[in-house]
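Here it is, the structure, as structure tokens.
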Amino acid sequence: MNIAIIGGGIGGLATAITLLKHGFNVQVYERAQALRPIGAGLTLTPNGLNTLNAIQPGLVESLKQAGSQMNTLILKRSTGEIIASKPLTALEHYGQPLLNIQWSRLQAILASLLPSDIIHLNHQCIGFEQHESSVETHFENGKTIQSDLLIGADGINSVVRQKLIGDGSPLYAGRMSWRAVIQYPHPLLTPNLATLITAADGKNFLLVDVGEGYTFWSAGALLADDSVCQRATDAKARVLEIFAEWADPVEAIIQATPADEIVERPICDRTPLQRWSEGRVTLLGDAAHPVVPSLGQGANTAFEDAYELAECLSLAPSIEAALDAYERHRIPRTEVIYIRSANQGNRSYKPESETTLQEMMKSSQMNQNEFEEWLYSYKPSENRKFVI
Ligand SMILES: Cc1cc2nc3c(=O)[nH]c(=O)nc-3n(C[C@H](O)[C@H](O)[C@H](O)COP(=O)(O)OP(=O)(O)OC[C@H]3O[C@@H](n4cnc5c(N)ncnc54)[C@H](O)[C@@H]3O)c2cc1C
């Protein structure tokens, strides 16, 4: 089977790796001209790491070398006062840690596992047409390709989803985000630590050790207007103004970050869909189920999608049956994660955010424990029985 994947992000690359291992002929089409570093870090959780382990044994070890295993989470006020501190025990509990890593390191490690000639850069998909026994996909550079199956892994603003479902733009969650990855040695930024700083006026700031001497900072603030600044210097001035006078190292780390390395983006999601596929076309990762980043599950669930889609395609008697099984298994789980992410995201920016975040850190809160148990205990190999 010839499979075309639109999007060389982390979901598309993980999908290509697992499909190749199943013996499919795979090509990845990415609009960017190069896979280059972007200012982001992310947390890989046990469900995502166990899935990556199933996709490619040894991969998790490479990621652990490049990233940083988070062992403590500290919650603070904007004045710098510590509200709570929590030792993180995911490794003991689920056999995998909470692993923080630079987004671009993760992408590069995934790309290194693929033959370079299957990743086609500078290929921006602009549409497709389905025929009885193939899909014809068109690119802005004038090229057209034929495949047996098309997978839209082209992110939250997916062109494939627009053509397939046509449900318009993502929904703004009322919060703007700014983020960057920077080398910034500071006594409060110790290895294996994440610090979440919250304020009652709808602002949060996260500082995370992402390994190799880098810190990922991510700021979020309630803003009615979802438009981003046209100039990098204006975005930096805006985030500096919003977080002015926050205790060390918040203001200082923003100040130290070059303006053109700060990514300003509205936080968005989309209402869950009942179907992700039609005919020979399906969706995966943020293209299928984008969530606000409050639980850090977007990439982790994209890996789960990748693994299960490949399993379904290799076991089912037809593309239709495979896509049907893929959806049956993935949609209910991602819907729960969507609801939980949306609720947690909203509550974290309310005036009572301090209490909310503190409650979420307490191990006595059964709901949170049960949810984490369900989320992190996901084991890809145990799902085979659901496939057909
Ligand atoms: C602030 C923030 C923090 C986050 N933290 C975490 C976290 O801790 N843990 C976690 O699991 N997730 C996190 N996420 C979410 C995570 O980054 C996404 O869920 C994940 O990147 C989705 O992967 P994807 O491959 O589906 O989409 P993307 O990563 O968006 O990749 C899509 C790719 O498709 C390409 N593309 C787009 N359109 C086209 C086109 N028309 N033609 C060809 N190529 C195209 C893009 O260039 C891109 O390379 C966070 C997100 C944000 C915003």
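The values are calculated or read from the model by the stated rules, or taken from the named source; none is laboratory data. Bear in mind that the values here come from a model prediction, so they are computed numbers and not experimental data. FYI the Cβ positions are ideal-geometry reconstructions off the backbone, even for glycines, and counts take in every protein chain you see.
Can you tell me how many residues in the range 143-169 are within 11 Å of the ligand (Cβ to nearest atom) and either among the basic types (Lys, Arg) or crowded, with 17+ Cβ neighbours inside 10 Å (or both)?
Result for the range 143-169: 11.
If you don't mind, another one. Hey, could you check the range 241-262 for residues that are among the acidic types (Asp, Glu) and away from the ligand (no atom under 16 Å from the Cβ) and say which is surrounded by the most Cβ atoms within 10 Å (Cβ to Cβ)?
GLU251
Hey, could you check the range 77-92 for residues that are surrounded by 14 or more Cβ atoms within 10 Å (Cβ to Cβ) and not hydroxyl-bearing (Ser, Thr, Tyr) and say which is farthest from THR356 (Cα to Cα)?
The qualifying residue farthest from THR356 (Cα to Cα) is LEU91.
Cβ-Cβ below 8 Å, separation at least six or inter-chain, first residue in the range 142-155 and free of Cβ contacts under 8 Å to residues at least 60 places away in the same chain, second in a loop (DSSP other than H, G, I, E, B) and within 14 Å of the ligand (Cβ to nearest atom): which pairs?
From the range 142-155, the pairs are LYS143/HIS123.
Any idea which of LEU88, LEU106, LEU98, LEU110 is out of contact with any helix residue (DSSP H, G or I) (no Cβ under 9 Å at 6 or more places or on another chain), within 15 Å of the ligand (Cβ to nearest atom) and closer than 30 Å to THR195 by Cα?
After applying the criteria, what remains is LEU88.
Can you say whether SER218 is at pLDDT below 95 and of a type in the set (S, T, N, Q), as far as the supplied structure shows?
Here the answer is no, as SER218 does not meet what is asked.
Same structure again: State which residue is farthest from the ligand (Cβ to nearest atom) when the search covers only the range 19-50 and only residues that are polar (S, T, N, Q) and within 18 Å of the chain's Cα centre (by Cα).
Ranking the qualifying residues of the range 19-50, first place goes to ASN50.
Another question about this same structure. For the range 232-331, please list each of the helices (runs of 4 or more DSSP H) lying entirely inside it that holds at least 3 residues being acidic (Asp, Glu).
So the answer is 298-315.
Within 26 Å of THR45 (Cβ to Cβ), touching a Gly at 6+ places or on another chain (Cβ under 8 Å) and within 16 Å of the ligand (Cβ to nearest atom), is that true of GLY285?
Here the answer is yes, as GLY285 does meet what is asked.
May I ask you to list pairs of residues, at least six apart or on different chains, whose Cβ atoms are under 9 Å apart, with the first in the range 175-197 being away from the ligand (no atom under 16 Å from the Cβ) and the second being at pLDDT 95 or above and among the aromatic types (Phe, Trp, Tyr)?
Between residues of the range 175-197 that are away from the ligand (no atom under 16 Å from the Cβ) and residues that are at pLDDT 95 or above and among the aromatic types (Phe, Trp, Tyr), the close pairs are GLN183/TYR214; TYR184/TYR214; TYR184/TRP217.
Let me spell it out: the conditions are (1) more than 11 Å from the ligand (Cβ to nearest atom); (2) of a type outside the set (A, V, I, L, M); (3) touching a Leu at 6+ places or on another chain (Cβ under 7 Å), and SER62 meets all of them except one. Which number is the exception?
(3)
What's the number of the condition LEU63 fails, among (1) free of Cβ contacts under 8 Å to residues at least 12 places away in the same chain; (2) crowded, with 19+ Cβ neighbours inside 10 Å?
Evaluating LEU63 over (1) free of Cβ contacts under 8 Å to residues at least 12 places away in the same chain; (2) crowded, with 19+ Cβ neighbours inside 10 Å leaves (1) as the failure.
Residue by residue, here is whether (1) modelled with pLDDT of 95 or more; (2) surrounded by fewer than 21 Cβ atoms within 10 Å (Cβ to Cβ) holds:
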position	(1), (2)
GLU264	yes, yes
PRO272	yes, yes
TRP276	yes, no
GLY285	yes, no
GLN297	yes, no
THR356	no, yes
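Let me ask another. Kindly indicate whether any position in the range 74-89 is touching a Pro at 6+ places or on another chain (Cβ under 6 Å) and at pLDDT 95 or above.
Looking for residues that are touching a Pro at 6+ places or on another chain (Cβ under 6 Å) and at pLDDT 95 or above, one finds none in the range 74-89, hence no.
Can you tell me which of (1) in contact with a strand residue (DSSP E or B) (Cβ under 7 Å, 6 or more places away or on another chain); (2) farther than 23 Å from ASP286 by Cα is the one LEU171 doesn't meet?
LEU171 satisfies every listed condition except (2).
Taking the range 302-330, which residues are out of contact with any helix residue (DSSP H, G or I) (no Cβ under 7 Å at 6 or more places or on another chain) and surrounded by fewer than 18 Cβ atoms within 10 Å (Cβ to Cβ)?
SER314, LEU315, PRO317, SER318, GLU320, ALA321, ASP324, ARG328
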